[in-house]
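A short write-up of the structure that comes next.
The values are calculated or read from the model by the stated rules, or taken from the named source; none is laboratory data. Predicted model, so just to flag it, every value in this text is computed and none were measured. No Cβ is skipped: glycine too gets one built from the backbone with ideal geometry, and neighbour counts run over all protein chains shown.
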Amino acid sequence: MKLFLDTANIEEIREINRWGVLGGVTTNPSLVAKEAEDPDRVWKEILAEVDGPISLETTQPEADGMYEEGVRLSQMADHAVVKVPMTPDGLMAGKRLVADGIRINVTLVFSPAQAILAAEIGAYIVSPFIGRIDDVASDGMEALRKICDIYEVQGYETNVLAASLRHPMHIVDAALAGADIATMPYSVFKQLVKHPLTDLGMDKFLQDWKALQEGLEKGA
Ligand code: E4P
């Protein structure tokens with residue numbers, strides 16, 4: 001399972017990219033708005049920093065406008081992936097973009113039925129929103145498991161991207177469900193690497209090493 005960052009903040013992206021595990025980036029209009037900068041500038045910086053797929057979201061609500069916007073976004077870089085929403089207009093625009101050879105990510109997906117539609121238009125990525133399903137007292141992970149099972153049974157090639165992930169166990173469970181990609185905020189990426197026993201173990205190793213050096217120096 002590839003690990004993506006769900007942010008438009010270039011500093012966060014640069015920091016995690018240095019770890020060597022960053023497979024790509026997802027952005028959405030809310031994340032880009034948080035940066036309070038020219039969106040094209042924000043996207044260009046991200047595209048220059050990370051080699052993997054970078055999702056850039058359309059904001060035009062109607063199919064024709066969305067298609068034109070999608071074509072423009074796709075021209076920003078070869079690794080740009082155009083996000084379209086799971087609406088009838090999104091499906092229409094998405095299908096045209098796919099026909100043009102443009103990779104699309106169908107976003108705002110909340111059910112297996114919607115995920116089937118995304119696969120049927122030949123989406124490169126489908127993005128079920130796990131955390132937001134949980135927020136309405138439903139089971140986001142169960143929806144993800146069903147989507148992964150359906151894609152397996154049907155032989156769909158669309159990549160399942162678990163989105164709206166809120167904590168490390170979401171990433172573990174998404175991996176177990178068979179998701180191809182998990183996208184997460186910077187804070188969750190940082191939590192992934194953390195374990196109190198790792199910190200304690202490091203402290204002890206360094207203390208013992210220092211004691212050895214001091215003993216050797218005294219004996220010299
Ligand atoms: C990513 O593609 C989604 O837009 C994002 O994961 C949504 O996350 P949120 O529900 O935390 O806003």
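The residue pairs whose first member lies in segment 25-52 and is more than 17 Å from Leu3 (Cβ to Cβ) and at pLDDT 95 or above, whose second member is among the β-branched types (Val, Ile, Thr) and more than 16 Å from the ligand (Cβ to nearest atom), and whose beta carbons are closer than 8 Å, counting only pairs six or more residues apart or on different chains, are Val42/Ile10; Glu45/Ile10. Given the condition within 13 Å of the ligand (Cβ to nearest atom), over 15 Å from the mean Cα position of the chain (by Cα) and surrounded by 14 or more Cβ atoms within 10 Å (Cβ to Cβ), answer yes or no: does some residue in segment 48-58 qualify? Yes, segment 48-58 has at least one match. Of all residues being closer than 30 Å to Pro128 by Cα and basic (Lys, Arg) in segment 180-220, which is surrounded by the fewest Cβ atoms within 10 Å (Cβ to Cβ)? Just the residue, please. Looking at residues that are closer than 30 Å to Pro128 by Cα and basic (Lys, Arg), I get Lys194. Name the single residue, out of those in segment 154-179 being within 12 Å of the ligand (Cβ to nearest atom) and in a strand (DSSP E or B), that is nearest to Gly131 (Cα to Cα). Per the stated criteria, the residue is Ala163. Taking every residue in segment 141-168 that is in contact (Cβ under 8 Å) with a residue 24 or more places away in the chain and pairing it with any residue that is surrounded by fewer than 18 Cβ atoms within 10 Å (Cβ to Cβ) and among the polar types (S, T, N, Q), at least 6 positions away or on another chain, the pairs with Cβ-Cβ distances below 8 Å are Ala143/Ser111; His167/Gln191; Pro168/Gln191. Considered as a group, the residues in segment 125-144 that are surrounded by fewer than 18 Cβ atoms within 10 Å (Cβ to Cβ) and more than 17 Å from the chain's Cα centre (by Cα) include one that is nearest to the ligand (Cβ to nearest atom), and that residue is Asp135.
One line per residue, one yes/no per condition, for (1) of a type in the set (Asp, Glu); (2) touching a Gly at 6+ places or on another chain (Cβ under 9 Å); (3) without any contact (Cβ under 8 Å) to a residue 24 or more places away in the chain:
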{"site": "Val21", "(1), (2), (3)": "no, no, yes"}
{"site": "Asp78", "(1), (2), (3)": "yes, no, yes"}
{"site": "Gly101", "(1), (2), (3)": "no, no, yes"}
{"site": "Ile104", "(1), (2), (3)": "no, yes, no"}
{"site": "Leu108", "(1), (2), (3)": "no, yes, yes"}
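Is it true that some residue in segment 146-153 is under 22 Å from Gly23 (Cα atoms), within 16 Å of the ligand (Cβ to nearest atom) and buried (at least 16 other Cβ atoms within 10 Å of the Cβ)? Yes, some residue in segment 146-153 is under 22 Å from Gly23 (Cα atoms), within 16 Å of the ligand (Cβ to nearest atom) and buried (at least 16 other Cβ atoms within 10 Å of the Cβ). Applying the condition of being crowded, with 20+ Cβ neighbours inside 10 Å and within 15 Å of the ligand (Cβ to nearest atom) to segment 97-108 and asking which residue is farthest from Gly122 (Cα to Cα) yields Thr107. Note on segment 68-96: among residues that are farther than 20 Å from Ser30 by Cα and crowded, with 24+ Cβ neighbours inside 10 Å, the one that is farthest from the chain's Cα centre (by Cα) is Ala93.
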